[in-house]
Structure formats: C-alpha cells, structure tokens
Amino acid sequence: MATTLKMIINKAFGLNIISEVPLPELSIVSDSIDNVDIVIEYRDLFDLWEQSSKPNRYFSVKKNSVLFHVPNVAIYLIENGKNIYVSPSIGAHEDQIRLYLLGTCMGAILLQRKILPLHGSAIAINGKAYAIVGDSGAGKSTLASSLLNKGYQLLSDDVIPVTISQKGFPIVTPAYPQQKLWQESLDAFGMTSTDYRPIIERESKFAIPVSSKFSTEALPLAGVFELIKTNHDEIIIDPILKLERLHTLFYHTYRNFFISDLGLREWHFQITAGIANNVPIYRLQRPIDSFSANDLASLILNTIKKGE
C-alpha cells in the first residue's frame, strides 16, 4: 500500500474498507486504520492474468481467490475475504473501475466471508428487511425507488448481504446509500437526469444518492419477492413453495458461478435452506410494456400486511 496516501476507512456491507481507489459512494467512518476488514490496493496483475487465464474466459476462480478481467477497464484479484487488488487498463475511467469494485469484487468478498450476496434491492419496512430479487433489467431498483417514495428506506441496491444470526434468523446488513436507475425510471418518477451522474460515461443509467432514505441498521429478513417480466397485462403474485425456494435463492445469488470453485456448495445450501424454511418467498410478475412500479409497491405492502 502506498504509504504516502492518506487513507480513510469507508463503511459498506457491514465492513470497514480502506482503499487506494476513491469510493465516494460509501460512508466515511474515520481516518484511523484500526479494525479494517477489507483492503483495496493497486497492483500490476498482468503477468498473473496471463499465467492463469484461459482462452475466451474472463474469470479464474480458486478456493481462496477470484481473478477476473474486464477488457479496457481493469484486472481484479480478490483473496481470502480480505484483499482486493486492482490493475487498471490504460485510459480506464475511475467510474468504470469502481463499478466492478462495488459489484463483482464485493460479491466475491462476501462469498469468501460466508455472507450470502443476493442480487437485488433490500428495503426496510416497519423494522424488517424485504428483498426484491430478479434478473438484470427486471425493474428491481425502480420498484425499490417507488417504495422509498412511499416513505420506506433502502438497505441495499444490487448486492444484498445476508448473514444468519446466532438464533438462526437471516439478517440483512446495509450496503451503501445509492441506487442505480435508468433514464426511463427517472422520467416515470419525474426526476431530471441532469441532476445525477451517469454510472458509466455516455450511458443512460444514473447513480442516485439516497442518504436521507437509507437505513443504517441491520434488520431481520422477513420476505423475498422475485420480480419477473411477463407478457401478461396484469400483475400476478404467487407464493414460491418447497424446493423451488432453494432454486430461486441459488439463481438469485450474486455471481453464483463462483460458489462451486470457492468450495462453498455445502455452506450455500445450508444458508439458503435456513432462509427458505423461515422466510416467505413470492414470485411477482409484471407487464413488460408498462410502468407498474407503484402498483407493484402497493401489492408488496398489502402482502406484507396480510402476512403480519
């Protein structure tokens, strides 16, 4: 680590992070270097990638390490749930480098630390956490934004960290106070894109700070909603039952293709089985051709109320 740089500790996913790469999205804890969970450093990884990579493959995963290459952005190495090394490509923008640090790298770190990363948004509602999972483009962040507009708080966007308490209950830990929304969602909510920074230069997805709507408290996971797009004209919600719950949780584990090579299949089964046995899981189908986030949010709130 470059000793000439003044390091500050950031907080995200319940972890203290010290980084040579600026991470303005995260909350600053202090300028002390005590009690650091994750260290992010620059390192030349080109030779390691040349030795480890295979043709047409972007990832090299071993039991204690994840090495991956994003062309024209950077090579990343994640080791032992503690260290992230970054080797930027010439001309790569910091926004692009940071995107993978806070996404794939954090997903790998969480798995290495045996913290389940679900792919979605988590919302704090009446003292409990509710996860909205789904494929990229399903509308998870847009639905979460509708719930924020109704007065609820964000716990996480994109990567949801879930642990199991000593009493055996799943707990969601806050990530960091930012959402990512596409231009169409901003338009639907009456928001102006010029007020926000694009996630990647020249793209129409924007970083939306939500510090005033962010929950800093870890909360029990009380429900999971799988959001999918369909050709139906109406919104449909159904409970997901029995073994299908395990498949749903595996499918929506962030970077689930790391699990086997990291030697985590048994652990992943145990933690997802614990969630499946204790938490209701629903499939929420939305029309593909219309804006339905507000109606979906109301349906989620009514479903929660009935469950209580």
**Asked** Are there any pairs with C-beta distances below 7 angstrom linking a residue in segment 243-264 that is assigned to a loop (DSSP other than H, G, I, E, B) to a residue that is exposed (fewer than 13 other Cβ atoms within 10 Å of the Cβ), with the two at least 6 apart or on different chains, and if so which?
**Response** 259/265; 261/62; 262/63; 263/63
**Fill in**
Over segment 159-184, the set of residues surrounded by fewer than 23 Cβ atoms within 10 Å (Cβ to Cβ) and either among the β-branched types (Val, Ile, Thr) or closer than 27 Å to residue 288 by Cβ (or both) is 163, 164, 171, 173, 178, 180, 182, 183, 184
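Name the residue, out of 75, 90, that is more than 20 Å from residue 161 (Cβ to Cβ), among the β-branched types (Val, Ile, Thr) and either surrounded by fewer than 20 Cβ atoms within 10 Å (Cβ to Cβ) or assigned by TED's automatic domain parsing to the domain that holds residue 161 (or both).
Details: 75 fails: either surrounded by fewer than 20 Cβ atoms within 10 Å (Cβ to Cβ) or assigned by TED's automatic domain parsing to the domain that holds residue 161 (or both).
Every option except 90 fails the conditions.
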**Asked** Counting only residues that are among the small types (Gly, Ala, Ser) and surrounded by 18 or more Cβ atoms within 10 Å (Cβ to Cβ), which one in segment 93-110 is farthest from residue 66 (Cα to Cα)?
**Response** 107
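Can residue 155 be described as at pLDDT 95 or above, under 21 Å from residue 25 (Cβ atoms) and buried (at least 24 other Cβ atoms within 10 Å of the Cβ)? Steps first, answer last, please.
Details: at pLDDT 95 or above: yes; under 21 Å from residue 25 (Cβ atoms): yes; buried (at least 24 other Cβ atoms within 10 Å of the Cβ): yes.
In short, yes.
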**Asked** For segment 12-30, what are the residues that are closer than 15 Å to residue 157 by Cβ and either of a type in the set (S, T, N, Q) or without any contact (Cβ under 8 Å) to a residue 12 or more places away in the chain (or both)?
**Response** 27
**Request:** Just give me the residues in segment 190-211 being within 23 Å of the chain's Cα centre (by Cα) and in a helix (DSSP H, G or I), in sequence order.
**Result:** 193, 211
**Request:** For residue 226, state whether it is modelled with pLDDT of 90 or more, in contact with a Lys or Arg (Cβ under 8 Å, 6 or more places away or on another chain) and not assigned by TED's automatic domain parsing to the domain that holds residue 108.
**Result:** yes
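Checking the conditions here, which among 102, 77, 116 is of a type outside the set (S, T, N, Q), within 28 Å of residue 61 (Cα to Cα) and in contact with a helix residue (DSSP H, G or I) (Cβ under 6 Å, 6 or more places away or on another chain)? Working first, answer last.
Details: 102 fails: in contact with a helix residue (DSSP H, G or I) (Cβ under 6 Å, 6 or more places away or on another chain); 77 fails: in contact with a helix residue (DSSP H, G or I) (Cβ under 6 Å, 6 or more places away or on another chain).
After ruling out the rest, the residue left standing is 116.
Where residues in segment 198-235 are of a type in the set (Lys, Arg) and closer than 19 Å to residue 154 by Cα, which of them is surrounded by the fewest Cβ atoms within 10 Å (Cβ to Cβ)? Quick ask: steps written out before the conclusion?
If we filter segment 198-235 for residues that are of a type in the set (Lys, Arg), which is where we start, we get 202, 205, 213, 229.
Filter once more, keeping what is closer than 19 Å to residue 154 by Cα: 205, 213.
Working: 205: 17, 213: 20.
Only one residue tops the list, namely 205.
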**Request:** Please give the number of the condition residue 83 fails out of (1) closer than 19 Å to residue 258 by Cβ; (2) buried (at least 18 other Cβ atoms within 10 Å of the Cβ); (3) touching a residue at least 40 places away in the same chain (Cβ under 8 Å).
**Result:** (2)
**Item:** Matching residues in segment 22-51 - criterion: being more than 21 Å from the chain's Cα centre (by Cα) and modelled with pLDDT under 85
**Value:** 30, 31, 32, 33, 34, 35
**Message:** Against the conditions (1) surrounded by fewer than 24 Cβ atoms within 10 Å (Cβ to Cβ); (2) without any contact (Cβ under 8 Å) to a residue 60 or more places away in the chain; (3) among the charged types (D, E, K, R), where does residue 135 fall short? Just the number, please.
**Reply:** (2)
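Return the residues of segment 256-298 that are farther than 21 Å from residue 246 by Cβ, crowded, with 18+ Cβ neighbours inside 10 Å and of a type outside the set (S, T, N, Q); say none if nothing qualifies. First the steps, then the outcome.
If we filter segment 256-298 for residues that are farther than 21 Å from residue 246 by Cβ, which is where we start, we get 286-298.
Still in the list and also crowded, with 18+ Cβ neighbours inside 10 Å: 286, 292-293, 296-297.
If the condition is that a residue be farther than 21 Å from residue 246 by Cβ, crowded, with 18+ Cβ neighbours inside 10 Å and of a type outside the set (S, T, N, Q), then 286, 293, 296, 297 are the ones that fit.
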**Item:** All strands (runs of 3 or more DSSP E) inside segment 43-160 with 2 or more residues being more than 28 Å from residue 219 (Cα to Cα) and of a type in the set (Val, Ile, Thr)
**Value:** 65-70
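The values are calculated or read from the model by the stated rules, or taken from the named source; none is laboratory data. All values reported here derive from a predicted model rather than from experimental measurement. Neighbour counts are summed over all protein chains in view; Cβ atoms, including those assigned to glycine, are modelled from backbone coordinates with ideal geometry.
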